[in-house]
Amino acid sequence: LISLFDDEDENISGLRDKQFQLFQSLGGIMLSSQLTPMDCSRAMWAMAKASYPLDMAVFDHLAVRLAVDEMLERSSVRQISEALWACGRMSNWEGKQDKDMSMVLIPPYMESAKKYVATILARRDELSPKDVSQAIWSLGRLYLLADIADDFALLAEAVAPKCNGIEISSILFGLSRLGYTNVPVIEALTDRFTAPSVLESCSAREISTVMVALGNIQYRNPELFSVLSTALMNNIHSASSESIASALSAYEDVNIVPPRVLFDCWASEKLGITARHSYISQVVGDAIATPVLFNMTDEDDIGDCSFDIF
């Protein structure tokens, strides 16, 4: 239950320490061979959600245990998709796979993840939008099985009308990491994301994630970028420096000049400068700024660009 708390909650620090202590004390129990599918899936999810990397051998054991055929047959698709999501999240600490595949460190649970993927596809009729989005997000994080991206993309297109903003941004993130560029599918997903009922409830982080994904696959649509940047500016007071910087970078990726006001808002709100001429010198011109009184907090530092939205 502690894993459900947002890491940005000011009261979570003490609870997270207690949770790590619980993980360490219960690790031996998790190595049991008597675990149920729910035990394995929930434990993997909790470790990943809490960003707990201290007992990776326990996580690896859970992943292998759940991948046993008999266990997969007894599992629900939600349990399998959550386990796959956990594998994608834990790749932060155990194994990295480069996009160009030139240097690969394969996580021990990669073979288990492949079995999860095969099972999810075999039971596609049972999948919810969340299951689909978690699976595709994880495929992107692991750069796993790009040759089946079409299968998952078609699933994403089918469930898109029922997806919320978090799910669409997760799907686009995963597909972009796999280099998927099928225009009709991308359009179906972005049309859903920009529907007023969806976009109005999206966070700045979700909006910038979509923009970054589009930039990654060189999807150049000035009208769409305008809609997304307007929505981002409407959330400017809750946007992190990382989110806005990522959005500006996405503009550069697709060779579209960004709205100057987007950088001006970012510079004023997040960096404490008032820009007279804005953005990246190669696109708009050299920035000339006037400092204003400002106290930067830790929240304003631009850090790791990885994200997890479930």
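The accessible area of R177, taken with all protein chains in place and a 1.4 Å probe, comes to roughly 60 Å².
Could you order D264, D131 so the one with the most accessible surface comes first? Probe is 1.4 Å.
Ranking D264, D131 by accessible area, largest first, yields D264, D131.
With every protein chain in place and a 1.4 angstrom probe, the accessible-area ranking of R205, R74, largest first, reads R74, R205.
Approximating the spin labels as points 7 Å out from Cα along Cα→Cβ, the S201-to-H237 distance works out to 2.2 nm. Here E157 sits with roughly 70 square angstrom of accessible surface, probe radius 1.4 Å. Among the protein heavy atoms, those of I120 account for about 0 Å² of accessible surface (1.4 Å probe, every chain in place).
The order of L54, L145, L66 by accessible area, most exposed first and with a 1.4 Å probe, is L54, L145, L66. The residues of the stretch 168-274 present an accessible area of 39 Å² per residue when probed at 1.4 Å with all protein chains retained.
The values are calculated or read from the model by the stated rules, or taken from the named source; none is laboratory data. Bear in mind that the values here come from a model prediction, so they are computed numbers and not experimental data. Neighbour counts are summed over all protein chains in view; Cβ atoms, including those assigned to glycine, are modelled from backbone coordinates with ideal geometry. Heads up: the accessible areas ignore ligands, DNA and RNA and are worked out on the full protein's heavy atoms, side chains in. Shrake-Rupley method; radii C 1.70, N 1.55, O 1.52, S 1.80 Å.
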